[in-house]
Amino acid sequence: MIVGVGITGRMVLIVGPSGSGKDTLLDYARERLRLHPGFRFVRRIITRPASPGEDHESVSEHEFQRLVSHNAFSLNWTAHGLSYGLPAAVDQWLADGTVVIANGSREVLPQARLRFPRLQIVNITAPSELLQRRLAERGRETGKSIRDRLARSETIEVVGSDVHNIDNSGPPAVAGEEFLRLLTFGADGGGAHLENS
Ligand SMILES: Nc1ncnc2c1ncn2[C@@H]1O[C@H](COP(=O)(O)OP(=O)(O)OP(=O)(O)O)[C@@H](O)[C@H]1O
Ligand SMILES: O=P(O)(O)OC[C@H]1O[C@H](OP(=O)(O)O)[C@H](O)[C@@H]1O
């Protein structure tokens, strides 16, 4: 079994333009940390029908607004004509000292910084030609929807001392290992490590 030594509980938001590889890197890390109780990967609530890729809870916009009015979200936002939420359970996991990892939005970072005192932002990047090719090959969106996502990719800057950039233009395992290192070595870049026993 894997045990953690000195892991510091915190919120980790992985952000970056559509097609940069957030879900791919989340899958990579989730698989490798699945036996570790100190890490939890958030299942998002989204007003998108079930689709290949991210495993999310699909709800109608009406249901989403009902959840908002019942304070069912720790953080929520809109983008691409969809509504996204992280469940309120996140707050309890953080209070328990867990490292909570979620797919976020670059645009919601100002609210996230106020919401989560211990926040680590992981910004995934890739050149625009790669984003374009990946979105076309993925096939979840087509035509205008892809064009809108690519246009949005260039409009939002992610800067700050709480931001770690990961270039995902090479093989997924390269960026995946870098992401794992960030998760397991703590927000301040040192001190914590995982041990196999
Ligand atoms: N390093 C990589 N090399 C080649 N293909 C990749 C790499 N990373 C991701 N991909 C592929 O690119 C596509 C987009 O990746 P992914 O869905 O992980 O991106 P995303 O950032 O989560 O996008 P979105 O915000 O639109 O959900 C997927 O088909 C994925 O398999
Ligand atoms: O452009 P920004 O604000 O960074 O991100 C907007 C939203 O798009 C992506 O979701 P998905 O591709 O619909 O699953 C992100 O995860 C985020 O929720």
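Each peptide in 93-102, 19-28, 162-171, 61-70 receives the mean, over its residues, of other Cβ atoms within 10 Å, and ordering these scores from highest gives 19-28, 93-102, 162-171, 61-70.
Among beta bridges from DSSP that stay inside region 9-187, the antiparallel ones total about 30%.
Size descriptors for region 9-187 (Cα atoms only): Rg and Dmax, in that order, 15.6, 44 Å. What a 1.4 Å probe finds exposed on region 32-180 is 51% carbon and sulfur by accessible area, rounded to a whole percent. Accessible area per residue for the chain is 51 Å², calculated with a 1.4 Å probe on protein heavy atoms, without ligands, DNA or RNA. Considering only 112, 39, 92, the residue lying farthest towards the positive end of the dipole of region 9-187 is 92, judged by Cα position with unit charges set on Cβ.
The values are calculated or read from the model by the stated rules, or taken from the named source; none is laboratory data. Fair warning: this is a prediction, and the values are worked out from it, not measured in the lab. Methodologically, a virtual Cβ is constructed for each residue, glycine included, from the backbone with ideal geometry; neighbour enumeration extends over all protein chains shown. Note: accessible area is taken over every heavy atom of the protein model, side chains too, but ligands, DNA and RNA are not part of it. Shrake-Rupley method; radii C 1.70, N 1.55, O 1.52, S 1.80 Å.
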